[in-house]
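Here's the structure we're looking at; comments come further down.
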Amino acid sequence: MDTQQRVTEKLKTLMGLISAKWGCVVTLAAAFIFLTCFGTLYSFGILLIELQEEFGSGASETSWIGSIAIGLHALGTFVSSALVRRFDNRPVAVAGIFLCFGSVIVTSLMPLLEVLYFTFGVVYGVGINFIVISSINLILRYFPTKNCSRATGVALTGSTVGMLIMNQVVHHLIIAWGWRNMLRVVGGILLIVCVPCVSTYSQPSSKNLVLADSVAPPEDEEGESTEKADQEKTIVDEEKQRLKEKEAEAVGEEDGVAKTGRCERLRNIAYPELWFLSIGIMGCCMTLTFYYVSMVSFMTTKGFDRSECSLFMMVLAVSEVVGKVIISAVADSLPFPKIYLFVMASLLGVVVMVVLLFATTLGMMLGLAVVAGLLVMAVFDTLPYSICVEIFGSARGLDTSSVVIIMNGVGLILGSLLGMSVDHTGNYDSAILASIGIYCLSVLLYLAVPVYQRLFAKDRYVMVRNRRKALLLVADGPERTFAPSPLPSPEYIYLDIVSVV
């Protein structure tokens with residue numbers, strides 16, 4: 001009996017530790033979900049060749065299937081954000097997983113290429129958007145101040161690791177069983193991995209979230225302590241307002257609270273500095289498409305063979321993974337606001353593009369792959385999801401992040417236009433020059449964000465305060481994560497799907 005009691009006590013202690021760190025559990029679960037879902041999406045280049053051979057289609061018309069999915073994973077943000085606000089995170093994520101599953105299964109049965117624009121491009125893109133927005137929003141609620149970038153960086157690293165793993169899985173499955181059976185097997189993998197992971201998506205305590213966002217650095221002067229108290233009260237009031245608004249919308253009340261909340265959201269997305277940031281990120285994401293879609297074609301025009309192109313892409317992917325890990329580790333400990341990382345990455349992007357014009361050896365190309373993946377792509381793939389929390393505060397984080405992520409998707413789609421230069425000129429020089437101009441313009445837009453807030457919107461100039469808050473929490477030790485609600489049983493996951501539908 002004593003042995004049984006000791007085992008029971010140890011199990012209770014272990015469960016208490018896990019519950020206290022549930023935000024870390026959610027972050028790791030999101031990383032595994034991103035690994036499978038994004039890994040499948042980023043393996044479309046392998047599927048592209050098979051589709052061309054079976055349907056006799058051209059590269060341009062076939063590649064739009066993947067481009068639509070990549071773009072919609074960000075463009076559907078307003079819809080998914082509204083669903084998250086209405087139904088919470090787990091039901092929306094579950095719906096997204098089953099949309100992705102249904103997409104690959106139905107696509108494996110389609111006899112016409114044109115149908116794939118909808119079955120894979122639209123459905124898979126919407127599904128993965130539901131997953132991304134619900135996951136990132138939940139992670140930011142567990143880590144609203146300290147470890148914000150670290151947590152989102154760890155989760156998003158799963159997408160790049162998925163690109164490395166799923167490319168090999170897809171390649172060998174196609175060789176063994178063909179592309180249609182490959183999609184069916186991948187659909188099974190999506191369910192086996194993602195459904196258990198999404199069952200961890202429980203909400204943290206709203207009371208604890210208010211306390212976490214109310215932490216501010218100590219002030220030296222008595223006058224500043226009053227300002228600190230006012231700031232804390234403002235944050236608490238904003239969180240209470242958000243909770244009241246959500247309750248009002250959930251029961252369908254058209255009272256003043258809900259109307260005020262909708263007006264506030266419209267004001268949030270109309271901030272000029274938000275659009276400076278969004279347009280800059282859109283331009284930089286256009287250049288990311290050049291790396292993902294056109295880089296192999298660019299290298300072949302330079303005389304590199306396929307094996308060298310494959311080596312370049314592998315080094316690029318590994319460098320991006322390392323860059324995301326570094327960003328996850330240090331971004332929340334930097335002594336300056338994270339928006340300046342966008343400035344740095346854009347300036348390095350200019351350097352990379354200039355060197356690309358003159359690169360003629362494999363060694364130079366691999367060096368560029370390391371710099372681009374480690375210092376450019378890792379920044380623009382990781383920080384856009386969390387940057388708005390620091391710039392505008394957590395109360396406005398969901399609304400402003402929606403605009404940024406949508407413009408992210410627009411940039412990924414418009415980036416395909418850079419690859420058209422080879423059709424007109426026979427080389428990519430004009431695309432590279434355009435990318436240099438985009439990076440330079442983006443630097444000016446990023447710098448305009450803090451300048452505008454300091455000069456014309458001082459009440460919104462909170463990025464320095466939030467940075468000091470994060471640094472204080474780093475000095476105080478590990479951030480508290482909050483106890484979740486009980487884990488759902490399988491029948492509740494089913495009810496989550498029905499509630500969204």
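The values are calculated or read from the model by the stated rules, or taken from the named source; none is laboratory data. Predicted, not measured: the structure shown is a model, and the values here were computed from it. Heads up, the Cβs are rebuilt from the backbone with ideal geometry, glycines too, and the neighbour counts pull from every protein chain shown.
Worth a mention:
- Residue check for Ser421: touching a helix residue (DSSP H, G or I) at 6+ places or on another chain (Cβ under 6 Å), in a helix (DSSP H, G or I), buried (at least 21 other Cβ atoms within 10 Å of the Cβ) and modelled with pLDDT under 90: no
- Qualifying residue in segment 121-136 (condition: more than 20 Å from Ile65 (Cα to Cα) and not β-branched (Val, Ile, Thr)): yes
- Selection within segment 44-61 - at pLDDT 80 or above and not in a helix (DSSP H, G or I): Gly56
- The listed residues are Ile413, Ile405, Ile326, and the only one of them that is in contact (Cβ under 8 Å) with a residue 60 or more places away in the chain, out of contact with any Lys or Arg (no Cβ under 8 Å at 6 or more places or on another chain), β-branched (Val, Ile, Thr) and surrounded by fewer than 24 Cβ atoms within 10 Å (Cβ to Cβ) turns out to be Ile413.
- Elements of type helices (runs of 4 or more DSSP H) in segment 231-317, at least 2 residues being touching a Pro at 6+ places or on another chain (Cβ under 7 Å), acidic (Asp, Glu) and at pLDDT 85 or above: none
- Selection count where residues are under 18 Å from the mean Cα position of the chain (by Cα) and either modelled with pLDDT of 80 or more or charged (D, E, K, R) (or both), scope segment 164-175: 0
- Considering residues of segment 329-339 that are crowded, with 22+ Cβ neighbours inside 10 Å and modelled with pLDDT under 80 only, the residue nearest to Asn427 (Cα to Cα): Ala331
- If the condition is being more than 29 Å from Phe87 (Cα to Cα) and modelled with pLDDT of 90 or more, then segment 180-223 contributes Arg180, Asn181, Met182, Leu183, Arg184, Val185.
- Filtered by the rule that a residue be of a type in the set (Gly, Ala, Ser) and more than 17 Å from the chain's Cα centre (by Cα), segment 83-106 gives Ala95, Gly102, Ser103.
- Residues that are at pLDDT below 90 and assigned to a helix (DSSP H, G or I), drawn from segment 91-115: Leu113, Glu114
- Criterion applied to Gly66, Gly56, Gly45 was being surrounded by 22 or more Cβ atoms within 10 Å (Cβ to Cβ) and either of a type in the set (Ser, Thr, Tyr) or over 17 Å from the mean Cα position of the chain (by Cα) (or both), and the one residue passing it is Gly66.
- Here Leu113, Leu138 are screened, and the one residue that is in contact with a Ser or Thr (Cβ under 7 Å, 6 or more places away or on another chain) and in contact (Cβ under 8 Å) with a residue 24 or more places away in the chain is Leu113.
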